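A quick write-up on the structure given underneath.
The values are calculated or read from the model by the stated rules, or taken from the named source; none is laboratory data. What you see is a predicted model; the values in this text were computed from it and never measured. Glycine also receives a Cβ, built like all others from the backbone with ideal geometry; neighbour counts cover every protein chain displayed. Note: accessible area is taken over every heavy atom of the protein model, side chains too, but ligands, DNA and RNA are not part of it. Shrake-Rupley method; radii C 1.70, N 1.55, O 1.52, S 1.80 Å.
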Amino acid sequence: MPKHKRRKRTPLIITASGAALVAALLLAPGADGAPSPNAMPKGDLPGWKQIYADNFNSAVNAPVPVGSFSGCDHYADTPRAYCSGLSGHWRDTLWAYPSGWSDTARSGADGNGGAPFGGTYEPQRTVSIGKGYDGTGTLKVSMYRPASGGSNVVAAVVPRKCMDLRDGRYSARVKVTRADSGFKSAWLRYEGRAELDYPEVDDYRGTNVAAFSHGSGSEWSVQTPAYMTTAHTYTWERRGSTVTVYLDGRRLRSGGTSLTTSSWVWQNESRIIGDRSKRNSGYAVPGAKAVLEVTWATCYKAVG
């Protein structure tokens, strides 16, 4: 069975000084070209050509039900990847990690140990597209731990047109509409020993969103005041050896990266690190659920 490529990440640490730094950054003027926090940006931006944009509204009256993201093992982890259970526009634009692949907690790819169980990617049991929490179309990832116990059932979605970009800009508006303990997200680009994670949380309700950069000479992070249980727009761009991250259209920081080319993955996982102050140490109990909804998503390639 193939293993998706992941590297060890530093667990989220929330500090007063970090929160103060982010608060100061959020008072700064918005960066040129940063998208509106609510509306999906349409068309090119200075220095960026839009190559993918979807607000999922076409699925309000023609929903894509759970079960449609099946047969996702065709040309896996390449720009040719597709899910045979999808058709038309959805097959052309979206792919998901195939059934049976292990998430980070289960595979141990992050080097973390001690979790009593992990998760398995099962897109045919978790992913759908249709009318969302705000009445518009959303892409939903409905994660859960079976009532009988066992591994969490999760999913990782990949916009096909955003794969294998060297320089790229990525933006999405996201809200977690159910947040039982035991589930996390790390939306990322990765390759070998380099990785950029944003947004990332260790627990949807209990930790703030952060950005992490990993790789030779490019270890840095940004803590934000945002929680994924409130709708926010997350944007980050990579050009050359520099990555810049935004929250709701406001620049947080720029930093170095050793990324070259890679895919943009909406990765949802099992909780990896326990917390003894929480019920069941924060791990999902049997019957636990979490639902992540994407209101819109877009990506660009660099021009000029």
Equivalent-ellipsoid semi-axes of segment 162-303, from the Cα gyration tensor, Å, largest first
27, 16, 13
Could you name the aspartates and glutamates whose alpha carbon sits less than 17 Å from that of Lys42, not counting residues in the same chain fewer than 8 places away?
Asp32, Asp54, Glu237, Asp248
Using a 1.4 angstrom probe on heavy atoms only, work out the carbon and sulfur share of the accessible area of segment 141-264 in %.
42 percent
Cα-based convex hull volume of the chain per residue, rounded to whole Å³:
123 Å³
Just the number please: accessible area per residue for the chain, 1.4 Å probe, all protein chains included, in Å².
39 Å²
Once you've got the Cα coordinates, tell me which of Lys131/Lys175; Lys140/Lys289; Lys131/Lys161; Lys161/Lys301 are over 18 Å apart.
Lys131/Lys161
How much of Tyr75 can a 1.4 Å solvent probe reach, expressed as accessible area in Å² and rounded to 10?
120 Å²
Where the eigenvalues come from the Cα gyration tensor of segment 45-155, what are the semi-axes √(5λ) of the equivalent ellipsoid, largest first, in whole Å?
27, 18, 15
Please report how far the C-alpha centroid of segment 269-294 lies from that of segment 61-133, rounded to the nearest whole angstrom.
19 Å
Over the heavy atoms of Phe212, what accessible area does a 1.4 Å probe trace out, to the nearest 10 Å²?
10 Å²
Just to confirm a number: summing +1 for Lys and Arg and -1 for Asp and Glu over residues other than Gln223 whose beta-carbon lies under 13 angstrom from that of Gln223, what do you get?
-2
